[in-house]
1. Exactly one of (1) part of a loop (DSSP other than H, G, I, E, B); (2) out of contact with any helix residue (DSSP H, G or I) (no Cβ under 6 Å at 6 or more places or on another chain) is unmet by residue 328. Its number?
2. From 282, 243, 247, grab the single residue that is in a helix (DSSP H, G or I), surrounded by fewer than 16 Cβ atoms within 10 Å (Cβ to Cβ) and assigned by TED's automatic domain parsing to the domain that holds residue 164.
3. Could you say which residue among 325, 321 is in the same structural domain as residue 394 (by TED's automatic domain parsing), under 30 Å from residue 533 (Cβ atoms) and under 26 Å from the mean Cα position of the chain (by Cα)?
4. Scan the stretch 331-359 for residues that are touching a helix residue (DSSP H, G or I) at 6+ places or on another chain (Cβ under 6 Å) and modelled with pLDDT under 95 and report the count.
5. Say whether the condition of being part of a helix (DSSP H, G or I), closer than 19 Å to residue 418 by Cβ, over 23 Å from the mean Cα position of the chain (by Cα) and free of Cβ contacts under 8 Å to residues at least 24 places away in the same chain is met by at least one residue in the stretch 493-514.
6. If only one of 522, 585 is at pLDDT 90 or above and in contact with a strand residue (DSSP E or B) (Cβ under 8 Å, 6 or more places away or on another chain), which one is it?
7. Against the definition (assigned to a helix (DSSP H, G or I) and in contact with a strand residue (DSSP E or B) (Cβ under 9 Å, 6 or more places away or on another chain)), how does residue 262 come out, yes or no?
8. Sort through 271, 266, 242 and tell me the only one that's under 30 Å from residue 406 (Cβ atoms), touching a helix residue (DSSP H, G or I) at 6+ places or on another chain (Cβ under 9 Å) and at pLDDT 95 or above.
């Protein structure tokens, strides 16, 4: 009886303490939320940016450039700060287009610091800069140190200057994949692999310590093709030949002095930043000490587009970015969420055409099939044009293949028509821990999928047959969508990765270009002429929606990523093997192109 009383008293005390703690946390979150809201409302009431006459667009690029500008995270102050930032390709290109059409802006000052962006993203920005330059407005570039991505953009400028003690990197391209086989073996994890496709090398990081010959051959092919475009773009802008650029790259210009950079034609002049600003003033007909009117990418968000039209003809730009997974959330490409978005666009009579912007290396084959079906239904009611970003491979190609037209950048990585299955066997791990398992079952395959033992031959045969059927379905979808005989398409499948340029030659895409080219194509298919407006989907959530819809998992994942750093990818890889759909249509490993 005494013990019972202790238990009751202890439980009651625990309940009271828990209630107090919960109340304190709730009150804390209330004040944080209220403070965030007050800050938000305060910023909403602040004066909008006013663009001055005789201005320049100060195009300063930094951090990671991703498809869309990140939404404001109301809980960012609680996360460990890594110092990394993100910019949206959508906001960068929008700022350049606005600057192109606005008479108050006379030119662009390109300030490319250290930033990360894939080649197709860089091409998208560079094409907008080229279009801007065609108006007769100037572009000048300056940096203390040009990394290759920044120099690729800067090469389009009318004048390129560099700090006298600065450096410039042009080195070509390299792919540096990471292999986990030995690491997994140390953990006692065996990855059982089932695949179709000679080139479907997504499984290699788990089973090998280096590239297979087939993987090395395809990587060599697409890297050389990508570099032929990047190198030629730089060469044409700098009035050099591609062989000149290759020769310079082989001399490691990053290790050379400024005189070498001027002599080889990579830059026009050597200046300190103060001298560059005076040169900029001369272009604007300003006096030496005059302030230089300028606008940043962030400033340009509040500058109205002068040519903004009102029209009942709408073109939807639907973004599909990230891994393709099963689920109903807005992060990554979750099939139920994406299908719901597509269905809304299908039923909206004001939307006359859809641009499906795909930037994905693939993922779940099941989820890809669901999205493929939704795009097929959408296509029956209005034109669908796919615009491929950095990647639209494997599952990314699966969800793209049935569009009316496909537009890709020359350096987009696409194709990879093939699937695989990964099944972990943790027997080695449990042996290390001294754990033993037994089983009682009623039927032959009752314990099928048991990860605590290796698969037997019958199970392996069943799974390989299942994978083969999945591959045949994938191949059929692509053949039907592209109107290519299945046996003809098969020689371009086998999991092989192609650049957008290579894909155009073999019929996997229809034309080369970026989002603007895709929009023009969609308008033509819908016979809209120039009478249309473009709206982006899914719409970005408001600050208030972010606060009340923020998931604790998001906060935990971000915190974990900040603390684990590079090890986070290994952690997620092992986690995904266990938790993701076991049949995957995914790009062959992370190319890690540098």
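1. (2)
2. On the way: 243 fails: assigned by TED's automatic domain parsing to the domain that holds residue 164; 247 fails: assigned by TED's automatic domain parsing to the domain that holds residue 164.
Testing whether each residue is in a helix (DSSP H, G or I), surrounded by fewer than 16 Cβ atoms within 10 Å (Cβ to Cβ) and assigned by TED's automatic domain parsing to the domain that holds residue 164 leaves just 282.
3. Sole residue among the options that is in the same structural domain as residue 394 (by TED's automatic domain parsing), under 30 Å from residue 533 (Cβ atoms) and under 26 Å from the mean Cα position of the chain (by Cα): 321.
4. Selection size over the stretch 331-359: 1.
5. From the stretch 493-514, those part of a helix (DSSP H, G or I) are 500-506; that's our starting set.
Going one step further and asking which of them are closer than 19 Å to residue 418 by Cβ, we end up with 500, 502-503, 506.
Within this subset, residues satisfying the condition of being over 23 Å from the mean Cα position of the chain (by Cα) are 506.
Going one step further and asking which of them are free of Cβ contacts under 8 Å to residues at least 24 places away in the same chain, we end up with 506.
Taking every residue of the stretch 493-514 in turn, at least one turns out to be part of a helix (DSSP H, G or I), closer than 19 Å to residue 418 by Cβ, over 23 Å from the mean Cα position of the chain (by Cα) and free of Cβ contacts under 8 Å to residues at least 24 places away in the same chain.
6. 522
7. Working: assigned to a helix (DSSP H, G or I): yes; in contact with a strand residue (DSSP E or B) (Cβ under 9 Å, 6 or more places away or on another chain): yes.
For residue 262, the condition - assigned to a helix (DSSP H, G or I) and in contact with a strand residue (DSSP E or B) (Cβ under 9 Å, 6 or more places away or on another chain) - is met.
8. Working: 271 fails: under 30 Å from residue 406 (Cβ atoms); 266 fails: under 30 Å from residue 406 (Cβ atoms).
Exactly one residue qualifies, and that residue is 242.
The values are calculated or read from the model by the stated rules, or taken from the named source; none is laboratory data. Being a predicted model, the structure only gives us computed values, none of them experimental. Note: ideal-geometry Cβ built from the backbone for every residue, glycine included; neighbour counts use all protein chains shown.
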